[in-house]
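Heads up, the thing below is written out as C-alpha cells.
No lab work stands behind these numbers, since they all come straight from the coordinates. These figures come from a predicted structure and were not determined experimentally. Backbone-built Cβ (ideal geometry, glycine too); neighbour counts: all protein chains shown.
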Amino acid sequence: MADTATTASAAAASAASTSSDAPPFQLGKPRFQQTSFYGRFRHFLDIIDPRTLFVTERRLREAVQLLEDYKHGTLHPGVTNEQLWSAQKIKQAILHPDTNEKIFMPFRMSGYIPFGTPIWLNQSHNACVNYANRNATKPSPVSKFIQGYLGAVISAVSIAVGLNVLVQKANKFTPATRLLVQRFVPFPAVASANICNVVLMRYGELEEGIDVLDGDGNLVGSSKIAARHALLETALTRVVLPMPILVLPPIVMSMLEKTALLQARPRLLLPVQSLVCLAAFGLALPLAISLFPQMSEIETSQLEPEIARATSSRTVVYNKGL
C-alpha cells in the first residue's frame, strides 16, 4: 500500500507543472520550512490570510478535490505547483486538521483579527477560537465547552478588571508611580487572562490526552504528557500575543503626533491611532503563533512508558493546536 501511494504521489508530482515562483508541491507538508521562525511565520501568514474567509463552498470543494487527485495520481495535465499550494492553503485555513470539518468562520485563525478586535467581544472570541483550533483527536461534549467557556470568560475578565481596580486603590503609590503601574498593568492582565482562557477551554486535552503519531503518520497512542506540552506551548504564544499590541502603538503614535499633518488636524488622532492598533494586532498574531510549529515533535522517552514501548521511533509528533 505504501509503495502504491508513493508511486501515485510521484506520478502526481510529475503531472504538476513546474513553477519558478513555487517549490515542488508536497501533500500535507508546509510550503515553508518549519524548522526556522521565519518559515513558520510565512506559513502562518497563509493560515491567517483573511481572504480565505471569502472562499466559497464550491471553491473549497474544488481545492479538496484537487488535493485528492494529486494524492491518487489523477491530476489533469497543466496543474501547477502554485495551484496545488493554493488549494492546500485553502484547506488548512478552513478545515480542522484532526476532524477535517469546517471551522466556523469567525473562529478560524483567519477570522481572529476582524472578529476579535472589538474589545467587548475579545475574551469571548478568544475562548471560541481556542476551542475551535484545539487538538480535536478526542471528542469533547458540549457541556464541557459551556463549562470551559464560562470559566474562561469570567476568569479572564475578572483578572483584567481586578488588577486595574487594585492599582486605582493603591493609596501608597505616588501619582507618578500609579500612572506608571497603570500603563504596565494591561500586559500581565491580558497575558494571564489569555492563559486562563486557553487552559480552561482546552482542559479536556489534559484529562483525555491527545494522539501522537510516528514519522509515517501512524497512530502510536494517546498521551497526557504531550497534551501538557501542547497547552504550555499554546499558552506561551498567548503571553507573547499582547506584547506588540501594547508596545508598538505608543511608540508609533509618539512619533506620528509630532508630524505636521496630525498637529494641524487633531481630529485625525483617533482614526490614526485605531489603524496603528489594528496593524499591531495583525502583526502580533503571526509573530506569536510562529513561536512553535503546529505539528510539534517530542522524544518518546519523555512520554508515558506505554507510548515509548509502542513505537521504535525516537520522536513522535502531535497537533499542538492554534
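Quick one: angle between helix 142-168 and the longest Cα principal axis of the chain, in degrees between 0 and 90, rounded to 10, please.
Tilt of helix 142-168: around 30 degrees.
Would you mind getting me the FRET efficiency between LYS29 and MET255? Use the beta-carbon distance for r and R0 = 56 Å, nearest 0.05.
0.85
Relative to the longest principal axis of the C-alpha atoms of the chain, give the angle of the C-alpha long axis of helix 269-289, reported between 0 and 90° and rounded to the nearest 10°.
Approximately 40 degrees, to the nearest 10.
Could you work out Rg/(2.2 N^0.38 Å) for the range 192-243, with Rg from alpha carbons only? Mind dumping the intermediate values first?
On the way: Rg = 12.7 Å, N = 52, 2.2 N^0.38 = 9.9 Å.
In units of the globular-protein estimate, the range 192-243 measures up at 1.29.
Quick one: what Rg and Dmax do you get for the chain from the alpha carbons, in Å?
My reading of the Cα-based Rg and Dmax gives 22.7, 75 Å.
Using only Cα atoms, locate the centre of the range 36-57 and the centre of the range 80-116, then give the distance between them in Å, rounded to an integer.
Here the two parts' Cα centres lie 8 Å apart.
Taking the chain, how many lysine pairs are there with alpha carbons less than 26 Å apart, if each pair must be eight or more places apart or span two chains?
Pairs that pass both the separation and distance tests number 25.
Do you know the relative contact order of the range 104-322, to the nearest whole percent, from alpha carbon pairs under 8 angstrom that are 6+ apart?
About 22 percent, as a whole number.
Taking the simple approach of a point 7 Å from Cα along Cα-to-Cβ for both VAL247 and GLU101, what is their distance in nm?
Going from the VAL247 label point to the GLU101 one covers 3.9 nm.
Report, in degrees rounded to the nearest 10, the 0 to 90 angle that the Cα long axis of helix 122-132 makes with the longest principal axis of the chain.
With both axes taken from Cα atoms, the answer is about 20 degrees.
Per DSSP H run of n ≥ 4, the term is -39500 (n - 2.57); total these for the chain, divide by its residue number, and report the mean residue ellipticity at 222 nm rounded to 500 deg cm²/dmol.
-19000 deg cm²/dmol
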